[in-house]
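Student: Before we start, here is the structure in question, set down as structure tokens.
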Amino acid sequence: MPGPNPELLSALGSLVRGLSALFWGLPLALVICVQSAKSDWLSELPVFPALVATGLLYYGLTLLGQFQPQERIWHAALDRAKLLALVNIGISPFLYFFNRMPYNPYFSGVVHFNMVSGLVFLLLLNPMLLRLTAMLPDETLRMETRLFTNLNRYLLSGAVAVISIYFIVAEYYPLAFERALDLLFRLNPLPQRSATLTRFLDAGGLWIMLVVLLLPVAMTMALIWKVKEVILSSIFGGQN
């Protein structure tokens, strides 16, 4: 009997390592990036924690690229996710700068863009996983991935639209935004309440994004772990 293809085993090994990097990198990047922008407990290390966390995601995607290099659709989805990962790496130092100078409009705008780019990265990660499972011989995994990626797409698309509109309107049309809040909550006699709500949303924007991301991140991590376990059990005999 011929032995296993060493090139295929090497590609599958890189695939498993890349999935592990993504699995641990997603929550790590989420927590570290939020803390870099809002807290002081990472101030001793300036920009490095956010760079390392976002770099781990790009490294994981690079490892995935060694699997099935001839598949154009798979690599097109992978390249889109890698592009957003690179954007997030380049923006990540501004989280620390925003922490030091939170009232600088340039740093504030970049951090707002980083929130949206992080959501888009997670949005692109799901079709990439769907393309990956389409190449694996497990029909149950493909069905589960299709179900959860569709749900994630709806959640993340809605989050991207709402957060983008909020940042644009609150940043460039603040008076119109406050009047809209007055109409929405029927606070016309007390306009100061809408201004207070505006300041609260602006100050807690990063924490709001963290709450919004919890469910899509959890489902994406579950899919990544499931794909990794299927590969290990079917190819490597269940050895971790």
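Student: Evaluate the distance, in nm, between pseudo-label points positioned 7 Å from the Cα of M221 and of L8 along their respective Cα→Cβ axes.
Tutor: For M221 paired with L8, the spin-label model returns 3.3 nm.
Student: Starting at the first residue of the stretch 77-83, write each ³J(HN,Hα) from the Karplus equation 6.51 cos²θ - 1.76 cosθ + 1.60 with θ = phi - 60°, in whole Hz, x for Gly and Pro.
Tutor: The phi angles translate into 5, 5, 5, 5, 5, 5, 4 Hz.
Student: Mind ranking 112-119, 218-225 by how tightly packed they are, going by the mean number of other C-beta atoms within 10 angstrom, highest first? Can you show the working numbers first?
Tutor: Values: 112-119: 20.8, 218-225: 17.9.
Listed from highest to lowest mean packing, they are 112-119, 218-225.
Student: Rounded to the nearest Å, what's the spacing between the alpha carbon centres of the stretch 7-34 and the stretch 48-90? Just the number, please.
Tutor: 10
Student: Under 29 Å Cα-Cα from K38, which lysines qualify once same-chain neighbours fewer than 8 residues away are excluded?
Tutor: Correct list for K38: K82.
Here, each number is a calculation from the coordinates, and none is a lab measurement. Small disclaimer: the values here were computed from a predicted structure and weren't measured. Positions of Cβ are generated from backbone atoms using ideal geometry, with glycine treated the same way; all protein chains shown enter the neighbour counts.
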